[in-house]
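Student: Mind having a look at this structure? Questions to follow.
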Amino acid sequence: MAFDLFLLEVVISGLMTGVMYALVALGFVLIFKASGVFNFAQGVLALFAALALYDFLAEDGWFFAVFGFTLPVWLAIPATALIMILLAWVIERAVLRFLVKQEEIILFMATIGLAFVLEGLGDLLFGSDVKPLDIGIPQGASDWLLDNFNLYVEKLEIVAAATAAVLVTALAIFFQKTRVGRALRAVADDHQAALSVGISLDKIWVIVWSVSGIVALVAGIMWGSKSGVQFSLSLIALKALPVLILGGFTSVPGAIVGGLIIGVGEKVAEVYVGPLVGGAIENWFAYVLALGFLLFRPQGLFGERIIERV
Amino acid sequence: MSAVIQSEREALLSVNNIEVIYDHVILVLKGVSLEVMKGGVVALLGANGAGKSTTLKAISNLLGAERGDVTKGSITFQGEDVQSLSPNELVRRGVIQVMEGRHCFEHLTVEENLLTGAYTRTDGRSRVAEDLDLVYQYFPRLKERRTSQAGYTSGGEQQMVAVGRALMARPAVILLDEPSMGLAPQLVEEIFEIVKRLNEDEGVTFLLAEQNTMMALRYANYGYILENGRVVMDGEASVLAENEDVKEFYLGVSGDDRRSFRNVKAYRRRKRWLS
Ligand SMILES: Nc1ncnc2c1ncn2[C@@H]1O[C@H](COP(=O)(O)OP(=O)(O)O)[C@@H](O)[C@H]1O
Ligand SMILES: [Mg+2]
């Protein structure tokens, strides 16, 4: 019985990490679907968002230095979202716009450049020390779960999972039910046809990068609340790659399920198989899993069905 | 009074001696001129590779996405120079293209496809809903399939989706590229009949590119014949349809292996006479 509960706890903590992977992968998928751009900078976007948010909240930030006060959390989060939208706009104006007609590999390289620029900028503006991010998410274990089920689960993990669920639901509604969401899906299907009906791609790109930026912000908040805002945050982008291979590069549900599978998988493997092979499975588990998928199911779990019909 | 007549006769769309170059080096249109009168159905004819699609894309400004450039000449719509306008702006003003090969949004439903056509509109949901009903009146088959993914509908249905989607923008002129491509003759006829009704009842002007010369000339009132990036002949559709050279070349009345319209003797005579 105790053994089962322990497994459950491992799974739940894996889910928390999985949610993070899923959110970063989701940002990737959105941009990749809409513009065919493989955005290497997605992880850095999460870092940048978390840094910006920290800056609004902390007394050692630029915002405080300039204005002499800090923002309350409920204002700082929308303000950071605004910064991410602004950033999306700048990226479109300064980078994408000039490269649209280039090969995809060139756009990919541009995003690598962007990742370095953003990381450097973050370092320059905010310094590279670990910053505690406290937006008032209750800390510690949930007493209720502990008392009733004898289960140790961090409150933060519950909040993170709930937030991610709300975010994903909101995105689904946005994509399925709104005019702009429909236009985004249209662009993902066929750029040329989208242009022909008067959808302007530059506007769509700003929107999709903004949405990805906000998803990154949510990821950044969660990770930052858990382990502080630090540069290792941008490294979770590296874990997003196996998630994408697992879930399929163009599938939103794939990004989510893929993220959760890898998050849980690596934790469980670490705990149960780790001791047998000397540990550190967590570091390579995702890549081995992805490799297996590349060999046997290259389109991923949810790889979009290519409609073939004349 | 005379001013009214004048403006009625004015071309809705006019292409003046345009040159188009792809990738900075491939010269494809070498001075194409044509006019589309308001309320007309104009056919742009010619063999594969003649430059029909390029001409339409030059008008709708979809060339940019293919690294094409209009390097000479001008294009006017309702008397205004429209060459520098984005496709978005052109659709707003009433010029929309239905691309060759239909280009439906495969993963969107039929109805969602139609609604994307209304993307640029700002006159409110109820107006858009009215027009959706109108499109379903013209294409009852689309209403039956409104919730199907467009990628899983037949070629004919996809062509209807593409035309219906353009209609949803409430266009003044539709640039229709090869509607007959890959469709059974009966369906082609059905599509052209709808084009005719849209033209007569809804007042939509059409510029249609077609390889199916005779079908297009049956429904058009004026035609241009394009060859190798140049207009080699134009005239009333009924006259073109009766023209010996057109018949000879495009209907293969003569059995000779004539690869080019230029090789048709009578055409040379006519051309000398023209110039
Ligand atoms: N994107 C492009 N880049 C280079 N050449 C092109 C491109 N699109 C079309 N062409 C060339 O331009 C010519 C005219 O093509 P097109 O306008 O598609 O003719 P049509 O529609 O009459 O079949 C062809 O020789 C074709 O190879
Ligand atoms: Mg063509």
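Student: Residues in the range A:192-202 that are in contact (Cβ under 8 Å) with a residue 60 or more places away in the chain and either out of contact with any helix residue (DSSP H, G or I) (no Cβ under 7 Å at 6 or more places or on another chain) or at the interface with chain B (Cβ under 7 Å from one of its Cβ atoms) (or both): how many?
Tutor: 0
Student: Go through the range B:8-53 and give me each residue that's more than 25 Å from B:D201 (Cα to Cα), in a strand (DSSP E or B) and not hydrophobic (A, V, I, L, M, F, W, C).
Tutor: Answer for the range B:8-53, where residues must be more than 25 Å from B:D201 (Cα to Cα), in a strand (DSSP E or B) and not hydrophobic (A, V, I, L, M, F, W, C): B:N16, B:N17, B:E19, B:Y22, B:K30, B:G31, B:S33.
Student: Considering only the range A:163-187, how many residues are of a type in the set (A, V, I, L, M) and within 8 Å of chain B (Cβ to nearest Cβ)?
Tutor: 2
Student: Given (1) more than 16 Å from ligand 2 (Cβ to nearest atom); (2) more than 23 Å from B:P179 (Cα to Cα); (3) more than 14 Å from chain A (Cβ to nearest Cβ), identify the lone condition not met by B:S86.
Tutor: (3)
Student: Please determine, by comparing only the residues of the range B:27-41 that are within 16 Å of ligand 2 (Cβ to nearest atom) and crowded, with 24+ Cβ neighbours inside 10 Å, which one is farthest from B:V173 (Cα to Cα).
Tutor: This residue is B:L29.
Student: Follow-up. List every residue pair whose Cβ atoms lie under 6 Å apart, where the two residues are 6 or more positions apart in sequence or sit on different chains, the first residue falls within the range B:88-103 and is closer than 19 Å to B:G39 by Cα and in a strand (DSSP E or B), and the second residue, located anywhere, is modelled with pLDDT under 95 and of a type in the set (V, I, T).
Tutor: So the pair list comes out empty.
Student: Follow-up. Taking the range B:57-79 as the region of interest, how many residues are more than 10 Å from every other protein chain (Cβ to nearest Cβ) and either near ligand 1 (Cβ under 9 Å from one of its atoms) or more than 12 Å from B:S14 (Cβ to Cβ) (or both)?
Tutor: The total comes to 7.
Student: Against the definition (in contact with a Gly (Cβ under 8 Å, 6 or more places away or on another chain), part of a loop (DSSP other than H, G, I, E, B) and within 16 Å of A:L241 (Cβ to Cβ)), how does A:G300 come out, yes or no?
Tutor: The answer is yes for A:G300.
Yes or no, residue by residue, for (1) of a type in the set (D, E, K, R); (2) modelled with pLDDT of 85 or more; (3) surrounded by fewer than 20 Cβ atoms within 10 Å (Cβ to Cβ):
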site	(1), (2), (3)
A:P253	no, yes, yes
A:I256	no, yes, no
A:I261	no, yes, no
A:V264	no, yes, yes
A:V273	no, no, yes
A:V288	no, yes, yes
A:G303	no, no, yes
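Student: For the range B:172-182, which positions are part of a loop (DSSP other than H, G, I, E, B) and crowded, with 23+ Cβ neighbours inside 10 Å?
Tutor: If the condition is that a residue be part of a loop (DSSP other than H, G, I, E, B) and crowded, with 23+ Cβ neighbours inside 10 Å, then B:E178, B:P179 are the ones that fit.
Student: Based on this model, can you work out whether B:K30 counts as more than 16 Å from A:H191 (Cβ to Cβ) and either within 16 Å of ligand 1 (Cβ to nearest atom) or at pLDDT 95 or above (or both)?
Tutor: yes
Condition check ((1) at pLDDT below 90; (2) within 16 Å of ligand 2 (Cβ to nearest atom)) across all residues:
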| site | (1), (2) |
| --- | --- |
| B:A184 | no, no |
| B:F192 | no, no |
| B:V195 | no, no |
| B:G203 | no, no |
| B:Y222 | no, no |
| B:G229 | no, yes |
| B:G235 | no, no |
| B:K247 | yes, no |
| B:R259 | yes, no |
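Student: Yes or no: B:E189 more than 15 Å from B:V163 (Cβ to Cβ), among the acidic types (D, E) and out of contact with any Cys (no Cβ under 8 Å at 6 or more places or on another chain)?
Tutor: Criteria not met by B:E189.
Student: Return yes or no: is A:A240 crowded, with 20+ Cβ neighbours inside 10 Å and either of a type in the set (F, W, Y) or within 14 Å of chain B (Cβ to nearest Cβ) (or both)?
Tutor: no
Student: Of the residues B:V95, B:V161, B:V135, only one is under 20 Å from the mean Cα position of the chain (by Cα), farther than 24 Å from B:V188 by Cβ and crowded, with 18+ Cβ neighbours inside 10 Å; which?
Tutor: Result of the check over B:V95, B:V161, B:V135: B:V95.
Student: Report whether or not B:N48 is in the same structural domain as B:E190 (by TED's automatic domain parsing), within 19 Å of the chain's Cα centre (by Cα), within 16 Å of ligand 1 (Cβ to nearest atom) and buried (at least 18 other Cβ atoms within 10 Å of the Cβ).
Tutor: no
Here is a yes/no grid of residues against (1) of a type in the set (K, R); (2) away from chain A (no Cβ under 11 Å); (3) more than 16 Å from ligand 1 (Cβ to nearest atom):
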| residue | (1), (2), (3) |
| --- | --- |
| B:L132 | no, yes, yes |
| B:R141 | yes, yes, yes |
| B:E178 | no, yes, no |
| B:A184 | no, yes, yes |
| B:V188 | no, yes, yes |
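Student: Which one of A:V159, A:V168, A:V180 is under 22 Å from the mean Cα position of the chain (by Cα), of a type in the set (A, V, I, L, M) and over 30 Å from A:F6 (Cα atoms)?
Tutor: A:V180
Student: Return the only residue of B:E80, B:E66 being within 16 Å of ligand 2 (Cβ to nearest atom), surrounded by fewer than 20 Cβ atoms within 10 Å (Cβ to Cβ) and in the same structural domain as B:A150 (by TED's automatic domain parsing).
Tutor: B:E66
Student: Report, by residue number, each residue of the range B:188-226 that is among the polar types (S, T, N, Q) and either farther than 20 Å from B:Y136 by Cβ or not assigned by TED's automatic domain parsing to the domain that holds B:L12 (or both).
Tutor: The answer is B:T205, B:Q211, B:N212, B:T213, B:N221.
Student: Which condition number does A:A34 fail, the rest of (1) under 30 Å from A:P138 (Cβ atoms); (2) buried (at least 19 other Cβ atoms within 10 Å of the Cβ) being met?
Tutor: Every listed condition holds for A:A34 apart from (1).
Student: Considering the range B:166-181 alone, what residues qualify as being closer than 15 Å to B:G155 by Cα and touching a residue at least 60 places away in the same chain (Cβ under 8 Å)?
Tutor: Across the range B:166-181, the qualifying residues are B:D177, B:E178, B:P179, B:M181.
Student: Something else now. One residue is enough: does the range B:146-167 have a residue meeting the conditions more than 24 Å from B:V91 (Cα to Cα) and either among the aliphatic types (A, V, I, L, M) or outside the structural domain of B:S33 (by TED's automatic domain parsing) (or both)?
Tutor: No: the range B:146-167 contains no residue that is more than 24 Å from B:V91 (Cα to Cα) and either among the aliphatic types (A, V, I, L, M) or outside the structural domain of B:S33 (by TED's automatic domain parsing) (or both).
The values are calculated or read from the model by the stated rules, or taken from the named source; none is laboratory data. Just so it is clear, the structure is predicted and the values come from calculations on it, not from any experiment. Heads up, the Cβs are rebuilt from the backbone with ideal geometry, glycines too, and the neighbour counts pull from every protein chain shown.
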